[in-house]
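The values are calculated or read from the model by the stated rules, or taken from the named source; none is laboratory data. Since we're looking at a predicted model, the values are computed, not measured. Quick reminder, even Gly has a Cβ in these numbers, built from the backbone with ideal geometry, and neighbours come from all protein chains shown.
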Amino acid sequence: MIPALMASSSLVLLTGLIVPFCTGMVWILYKYRFWKMDTLVVDVKTQQALRRYVLFESVHGKPDSVLLTFKEYAKQDRQIKGLLFTAEQDIFLADVVKKYNPLTAVALGTQCGYSAIQLLTLLPCNGKLYAVEHDENMAESAEEMILVSGFKNQQFSMLFQHPIDAIHALSNHINENKVDLVLMDHQPDQYLQALQVLEEVGVLHQGTLILANNIEQSAAKEFMDHLQSHLYFEIISSCQGLIAIQCTKTRVFNYND
Ligand SMILES: C[S@@+](CC[C@H](N)C(=O)[O-])C[C@H]1O[C@@H](n2cnc3c(N)ncnc32)[C@H](O)[C@@H]1O
């Protein structure tokens, strides 16, 4: 009688407490790992609402007005707010880019175009930005935002591609030239692969500046560990999860190996 009672109360304990507790813990761990990654992508409805707002409310041909209008919209939309750089990151990015004075830049993960427009304002007139966005709707919208800001076709190219495919394509586009600045603002778990492919195709040079966003996310850990153990890259400074890295050396890859 007593063992049967103990067995049934253990069953109650198992099903009533332990199973829900374990399920809850698994859910919390899952959310912790993937929540930030979910917020990196906006749905088409939000994207279109932002697009319309910027088209109606900004002064066309004035990049500062377009950027400010993005920020205005972000006040009423937390999802967009989470995607744009903060005021501190804007200043950090502008300072570090001015110091390195790049001519050719690549933005991986263009989404609504905010960071692409900001980079274009910092490049010289003869500079060139390759803005990469794998989602076709977002890429079209970002391209429109860049044009609305007043930038011309010869100042930027929108690559409607996955970042890794775009890096391969870039190595043909830019011929002998190298990339002076890379902004990584796509999925942090893909930063390491992007860095390795950039090295392999030979578009980096000694002095290339790499900016990587959201590096506080666990998905960026492998990338950060790689940087810290790698002699070819030096972390210069950081601001709220956005880091500046300098390429200090380049390697030649032998594809016959
Ligand atoms: C933080 S947003 C980029 C924000 C953008 N730099 C801006 O200023 O508007 C994240 C980016 O990651 C891209 N992305 C999301 N999932 C991806 C994936 N699986 N592969 C490549 N890019 C991805 C999104 O399309 C988006 O452009």
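Remarks
- Which listed residue, of Leu93, Leu120, Leu108, is touching a His at 6+ places or on another chain (Cβ under 7 Å), surrounded by 21 or more Cβ atoms within 10 Å (Cβ to Cβ) and either at pLDDT 95 or above or of a type in the set (D, E, K, R) (or both): Leu108
One line per residue, one yes/no per condition, for (1) more than 21 Å from Val54 (Cα to Cα); (2) in contact with a Lys or Arg (Cβ under 8 Å, 6 or more places away or on another chain); (3) of a type in the set (Lys, Arg):
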site	(1), (2), (3)
Lys75	no, yes, yes
Gln79	no, no, no
Leu83	no, no, no
Asn101	yes, no, no
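- In the stretch 90-118, the qualifying residues are those that are within 26 Å of Phe160 (Cβ to Cβ) and assigned to a helix (DSSP H, G or I), and the one that is farthest from the ligand (Cβ to nearest atom) is Val97.
- Residue list for the stretch 123-163, filter: surrounded by 18 or more Cβ atoms within 10 Å (Cβ to Cβ), aliphatic (A, V, I, L, M) and not in a loop (DSSP other than H, G, I, E, B): Leu129, Ala131, Val132, Met138, Ala139, Ala142, Met145, Ile146, Val148, Met158, Leu159
- Residue match in the stretch 175-185 (condition: out of contact with any Leu (no Cβ under 6 Å at 6 or more places or on another chain), at pLDDT 95 or above and among the aliphatic types (A, V, I, L, M)): yes
- Selection status of Ile236, under 19 Å from the mean Cα position of the chain (by Cα), outside any helix (DSSP H, G or I), surrounded by fewer than 19 Cβ atoms within 10 Å (Cβ to Cβ) and modelled with pLDDT of 95 or more: yes
- Hits in the stretch 166-212 (condition: near the ligand (Cβ under 10 Å from one of its atoms) and assigned to a helix (DSSP H, G or I)): Ala166, Pro188, Asp189, Gln190, Ala194
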